[in-house]
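Before any comments, here is the structure.
The values are calculated or read from the model by the stated rules, or taken from the named source; none is laboratory data. Quantities reported herein were computed from a predicted structural model and do not represent experimental measurements. Cβ sites come from the backbone with ideal geometry, for glycine too, and all protein chains shown count toward neighbours.
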Amino acid sequence: MALLQIPVVQGEVGNTIANVMSRKFGTKVLIGKVDLGLFNRLIIDDVLMYDQHGEHLLEASRLSVKVNIWDLGQGKIRISNAQLFGLKANLYKQTASSPDNFQFVLDSLASKDTTHHTPLDLRINSLIIRHGTVKWDKHFLAYKPGVFSPDHLNLNDISTHVIINALKDDSVNINLRKLSFTEQSGLKLDNLKLHLIANHKMAILKDFSLEMPHTHVVFGDITATYQYHKNKLDLPSLNYNGTIGLSYFMPSDMACFYPALSQTKGKIYLQSIFSGSCTSVKIKRINIRTDNNSLLLSANGYVKNWKDNISWFAHIKEMRASAEGIHFIAANAGERLKV
């Protein structure tokens, strides 16, 4: 243990592990140093993995993990604390027919024994990521600046804190305490929090909160029940219910999805109680208003059988639109509406 406190030894251990990983993945891997700390804590500094085209694939300035060795010997992964700093992931697909540049890593990690399955049993008491960057590009598709595209993602300043209470083949219990990032299209997520508990019979989403520069969306508990048949979700069995707490959003926060929203002014407030199935939704209550009450809507209703013979009903309890409210609609509808 004392030897691993000597910088030269830490560097040699890093080189040894890097060489093992290079042979495992068939690519170049560099590691600055490795430090085995107290109480089963492993600290790895300056990690760099190349893809098979010679480009940087993954980088991290520091990876720190504290593992329960006893549970690991029993096939259970128990990580009391994991920290990842300075993450840089460069993911891409060169052509429509070529594999993703990280596919070789997944192939190397996949079990060669297809006759035996080791059940997944993972718990991480605390996972923290700071100053992360993740880039994903389909090089064969054009990118339009200022417009969000799942084919061209560039997430910067990623910060997250996650607690994985349980992750198994048939269930999950994840508590996302914090997630924030900026994206090249202008999308800015200040904070996302949620707690998800799910298995093959039901799912509960709790404590959902989404914050953007001028937006705050809050959900009450959302519960879904369903059945699985041959390891696939049986959609006709799906039923759900939930609430949207008093929330507000400013359309300009979503301008990366629809640029005409960039000039919007004023917040829109929303509350709702809803339930439904895979073919219907019932709105027990929905309240919508602007921040100055120039627009107001209170209603309930339903939509049924939207796959086949659709039917719907709406009961408008209250609806108001002042001259200022009509101007708000016109001003925020871009060039599609002139008043």
Residue among 283, 273, 310 that is exposed (fewer than 14 other Cβ atoms within 10 Å of the Cβ), at pLDDT 90 or above and β-branched (Val, Ile, Thr):
310
From the set of residues in segment 202-238 that are among the polar types (S, T, N, Q) and closer than 20 Å to residue 170 by Cβ, which is surrounded by the fewest Cβ atoms within 10 Å (Cβ to Cβ)?
231
So which of 123, 130 ends up being at pLDDT below 95 and surrounded by 14 or more Cβ atoms within 10 Å (Cβ to Cβ)?
123
Considering residues that are touching a Lys or Arg at 6+ places or on another chain (Cβ under 7 Å) and surrounded by 17 or more Cβ atoms within 10 Å (Cβ to Cβ), the number found within segment 250-270 is 1
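Yes/no matrix, rows are residues, columns are (1) surrounded by fewer than 17 Cβ atoms within 10 Å (Cβ to Cβ); (2) within 27 Å of residue 266 (Cβ to Cβ); (3) among the basic types (Lys, Arg):
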position	(1), (2), (3)
146	yes, yes, no
159	yes, no, no
182	yes, yes, no
185	no, yes, no
200	yes, no, no
So residue 52, is it of a type in the set (S, T, N, Q), surrounded by 13 or more Cβ atoms within 10 Å (Cβ to Cβ) and in contact with a Gly (Cβ under 8 Å, 6 or more places away or on another chain):
yes
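Residues in segment 302-321 that are farther than 23 Å from residue 225 by Cβ and either in contact with a Leu (Cβ under 8 Å, 6 or more places away or on another chain) or part of a strand (DSSP E or B) (or both): how many? Steps first, answer last, please.
So in segment 302-321, the residues farther than 23 Å from residue 225 by Cβ come out as 309-321.
Of the ones still in play, those that are also either in contact with a Leu (Cβ under 8 Å, 6 or more places away or on another chain) or part of a strand (DSSP E or B) (or both) are 311-321.
Number of matching residues: 11.
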Subset tally (residues that are under 24 Å from the mean Cα position of the chain (by Cα) and either assigned to a loop (DSSP other than H, G, I, E, B) or not assigned by TED's automatic domain parsing to the domain that holds residue 221 (or both)) for segment 256-285
4
Is it true that some residue in segment 234-253 is in a helix (DSSP H, G or I), at pLDDT below 95 and not acidic (Asp, Glu)?
yes
Residue satisfying all of: in segment 213-233; in a strand (DSSP E or B) and free of Cβ contacts under 8 Å to residues at least 12 places away in the same chain; nearest to residue 267 (Cα to Cα) among these:
233
Can you say whether residue 105 is among the β-branched types (Val, Ile, Thr), assigned to a strand (DSSP E or B) and out of contact with any Asp or Glu (no Cβ under 6 Å at 6 or more places or on another chain), as far as the supplied structure shows?
no
All positions within segment 169-180 that are surrounded by fewer than 17 Cβ atoms within 10 Å (Cβ to Cβ) and closer than 27 Å to residue 152 by Cβ:
178, 180
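Regarding residue 126, is this residue part of a strand (DSSP E or B), polar (S, T, N, Q) and more than 14 Å from the chain's Cα centre (by Cα)? Steps first, please.
Values: part of a strand (DSSP E or B): yes; polar (S, T, N, Q): yes; more than 14 Å from the chain's Cα centre (by Cα): yes.
It is true that residue 126 is part of a strand (DSSP E or B), polar (S, T, N, Q) and more than 14 Å from the chain's Cα centre (by Cα).
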